[in-house]
Amino acid sequence: MNIIPLSQDKTPRVGNWRQDQYHESHTAMAKTDGSEMYGVLTGEANGIIVFDYDTKKEGENVGKVVDVDGTVYDLPKLLNIYGEDAYIVKTRSGGFHAYCVLDDRVKQWRNRAGIHGYLDIRAEGGYVVGGNSPGYEVVNGDINKLTPVPDEMYNLIHGLQREKRRNTSRGRAMKGGEQGNKVLVNILTNEGFSNVAFRWSTSPYNFDCDQIGGECPLCHKTHDNNKFFVYEGNPGELFVKNHSERCEAKLLASYDAVKLLFERDVCRINDSLIYPCEGDGEKAILRSKKDLVERYAEWFYKDEKDETKSFIYQWLVDIRKRQFTHMDYIPKDCPKDVYNLWSGYAVEDIDPKLGKQGEITPFLDLLEALTCGETEYALNYLTLLFKNPEIKPRTCLIFYGSEGTGKGRFTETLRVLMGNTVFFETNNAAEDIFGQFASAYDRTKLVVSNESESKTNFKNLSRFKSLITDETGLKVNRKYQNPYGITNLAGTIITTNEKVAVYLGQNDRRFVVYKTNPKYSNDQEFFKMYMDWLKCESNQRALYDFLISRDIQRVDWVRDRPLTSAYLDMRNSCLPQIVKWLEYFVVEDFKYRSHPDRSGTYAFKSAYLRQLYADYATGETRVTDASFGRMMKKMIEEHRIPDDCLRKDRNERGIVWFLNRELLFRWLRVMRFTDHEGELPAARQSDIAFQYDADM
Ligand SMILES: [Zn+2]
């Protein structure tokens, strides 16, 4: 048995514990280093799978294992399910670990938590606290004599793992799909079964037939128990077997049987000649014909003469193959001839009943801190993502603040709810968002650009703007692959610790900037609680249900953006130098040459202002009277500065600017170009020597 040493809090005391080469040394360490707690590796490492029954942490059934329907799982109930010999460990909290043999039927299962609110699965790459650890107790059976996964559990979990596929709009041909069932019935009839019927939507692999109670077409014995079922072995292998242990499974190897499995994952797109290949919980891989042939080279079938033939070449010339005119990303109302690359959100697979038991306070608390109290727009944004996936959000949320404030926990939450296929996160925007083979917006609903840098964003400004805003025209250019066009429905979130992460123009209609509140900064206790909260499927579902229940019909996505002070700071930092100078001159360092008139308007010779500007904008190499004049003119036009604030005139001695300091200051306030409040500092008479002194 391969085991690992654990700390008191059940976390591994060694790294790399998933890797085969360390199993031996970690096992030795766990036995000798004095750790009382140890973990038993699940999955291939020990050939075991564990069903982990969790107790209720609160409510009337606290301390008991109870499902959504109120069924209590205690030891007698578990022995009923797993059999008298099952190896069962009682956990510290009063829950149970039921260990089973990892047989071919269940090898592909992944680790899952919170199934129906009480059940976790520990499979490949997982571990459970061992039965002889302090607080744990072996209450039945022997770990060296494990029993198989009972049908009841197999059907329960397998049904769940298949559910997602039946729900997709692609009409996947297998088990749940009517068409797939018809093919399967034919295949089984050819194997000697009669009156085959798949009747159970909860256990789609079981079938009814005339042979129950009679001679088995597979092993020619007589089985009186239960039913027959089909299951998948290694990729491309479909088996049929009676539930009796004495029955021998038979491989269904006809071309149609292999095709049934193959086409559940693969089809051809006729306009681009791309072959999308799907996998569980993965984004479809879009293959060329050459790659497809290589990938499925070891798939075989048996022809009528029982000769073994290569499958893929036969399929390529099969005129009745699964095919579509083209493909796109269409969350709602996908036309029949379009292969839909949209696969839904992960959280939609969780039973809505569970959501009623979940809570969402930790998320709201975190969001409140990250938005510094301005949560409304951010919540609306998330509602749009989850409630209307067919609509592209055309604005972008920026979270600005130092590390450790919880930005990562926030985006991790969205990843968990959305699932890996539709969520894209990168720390390398230059390559993943703007690069030649950038894939960030390809078949995603949310792009998160972490630690986003102004350098990269400024350089790619117009590309970034169109990725955030434009739905059409995303041309995807993948390495070694035919390019294809796809609808871009992704929202965009940026996290950054740079004050000016993107360029914000005066007419910006895209960005929302939140300065994160450091309330939870490096608060390990809060974040541990938060991640425990996030693990629970009932909480995930509750958050999803909360978001999609919100009404966003009246939201104006551009106008309703909160003008946070972080936003104004960022926007003002992006102002042209001439505007920044004007603000500085009016508010901080007002120096005049001659006294104002009665209305408070000062007259300045243009060359004088030009010199002040040149002193301020030291980065600009050469400011001539002409270029200064053009900048002033452009600024007045762009920002519609009223005449009585600032106006140009010409007299016999050249160009003169008339500037009313009080009015201009009020205007700067209205435009939020200045954050100065109260009285202006006193104006001073300029004492600099000036070449035009004689003139004015
Ligand atoms: Zn049999």
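Just so it is clear, none of the values below were taken in a lab; they were calculated from the coordinates. Not measured: the values here are computed from a predicted model. Please note: Cβ atoms are built from the backbone with ideal geometry, for glycine as well, and neighbour counts cover all protein chains shown.
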Point to revise | Sequence-distant residues sharing a close amide H with residue 287 (under 5 Å, placed H) | key: 275, 277
**Study point:** Cα gyration tensor shape for region 382-462, rounded if a/c is under 1.5, else prolate or oblate
**Key:** oblate
Revision key, fill the gap. Quarter of the surface of the C-alpha convex hull for the chain, i.e. direction-averaged projected area in nm², equals 40.5
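For the pairs 605/633; 353/387; 290/332; 182/321, flag any whose C-alpha to C-alpha distance is greater than 22 Å. Numbers along the way, then the final one.
Working: 605/633 15 Å; 353/387 18 Å; 290/332 32 Å; 182/321 16 Å.
Among 605/633; 353/387; 290/332; 182/321, the Cα-Cα distance tops 22 Å for 290/332.
Set the bar at 29 Å for Cα to Cα. Now go through 407/580; 455/634; 259/475 and name every pair that lies beyond it. Each step should come with its number before you reach the end.
Numbers: 407/580 31 Å; 455/634 26 Å; 259/475 32 Å.
Long pairs (Cα-Cα over 29 Å): 407/580; 259/475.
Tell me the relative contact order for the chain as a rounded percent, counting alpha carbon contacts under 8 Å between residues six or more apart. Mind showing how you got there, number by number?
Values: 1222 pairs, mean separation 58.4, N = 696.
Relative contact order comes out at 8 percent.
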Exercise for review: Using amide H atoms built 1.01 Å from N in the peptide plane, name the residues 5+ places from residue 398, or on other chains, whose amide H lies under 5 Å from its own.
Suggested key: 494, 512, 513, 514
Review point. When you take every Cα atom in region 521-619, what is the radius of gyration, and what is Dmax, the widest Cα pair distance, in Å?
Key: 26.0, 73
Exercise for review: Based on other C-beta atoms within 10 Å, arrange 443, 199, 415, 509 from fewest to most.
Suggested key: 199, 509, 415, 443
Study note, to complete from the structure: Along region 128-142, Karplus-curve 3J(HN,Hα) (6.51, -1.76, 1.60; θ = phi - 60°) to the nearest Hz, with x for Gly and Pro, reads 10, 5, x, x, 9, 6, x, x, 9, 8, 6, 9, 6, x, 9
Practice item. For residue 111 paired with residue 72, estimate the spin-label separation in nm (one decimal), with each label point 7 Å from Cα along the Cα-to-Cβ line. Key: 3.2
Practice item. List the pair-distance distribution P(r) of region 504-565, using every Cα-Cα distance, as the percent of pairs falling in each 5 Å bin from 0 up to the bin containing the longest distance, rounded to whole percents. Key: 4, 12, 13, 13, 16, 19, 15, 6, 1
Check your understanding: Residue by residue, what Karplus-based ³J(HN,Hα) values in Hz, rounded to whole numbers, does region 209-224 have, using 6.51, -1.76 and 1.60 with θ = phi - 60° and x for Gly and Pro?
Key -> 6, 5, 7, 5, x, x, 6, 7, x, 8, 10, 6, 8, 10, 10, 9
Exercise for review: Before anything else, pin down the relative contact order of region 3-148: Cα pairs under 8 Å, at least 6 apart, normalised by residue count, whole percent.
Suggested key: 28
Review point. Using modelled amide H (1.01 Å from N, peptide plane; none on Pro or chain starts), what sits under 5 Å from the amide H of residue 252, excluding residues fewer than 5 places away?
Key: 238, 239, 240
Check your understanding: Within region 424-504, which chymotrypsin sites (Phe, Trp or Tyr not before Pro) sit in a loop by DSSP and count at most 13 neighbouring Cβ atoms inside 10 Å?
Key -> 437, 480
Check your understanding: Across 10 Å bins from the origin, how do the percents of Cα pairs in region 17-106 run, short distances first?
Key -> 14, 35, 33, 16, 2
Point to revise | Theoretical gain in end-to-end length, residue 364 to residue 57 [0.36 nm per residue, Cα-Cα removed] | key: 108.4 nm
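If one computes P(r) from the Cα atoms of region 544-696, what percent of pairs lie at distances over 23 Å?
Working: 5168 of 11628 pairs.
The proportion of pairs with Cα distances above 23 Å equals 44 percent.
Write out the chymotrypsin sites (Phe, Trp or Tyr not before Pro) in region 341-416 meeting two conditions: DSSP loop, and at most 12 other Cβ atoms within 10 Å of their Cβ. Walk me through the intermediate numbers first.
Working: sites: 342, 345, 363, 377, 381, 386, 399, 400, 410; in loops: 342, 345.
Those that pass, being in a loop and sparsely packed, number zero.
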Exercise for review: Find the Rg to Rh ratio for region 452-594, where Rh is the Kirkwood radius over alpha-carbon pairs and Rg uses the same atoms.
Suggested key: 1.08
Check your understanding: Tell me, what are the semi-axes, in whole angstrom and largest first, of the equivalent ellipsoid of region 352-570 as set by the roots of 5 times the Cα gyration tensor eigenvalues?
Key -> 26, 21, 17
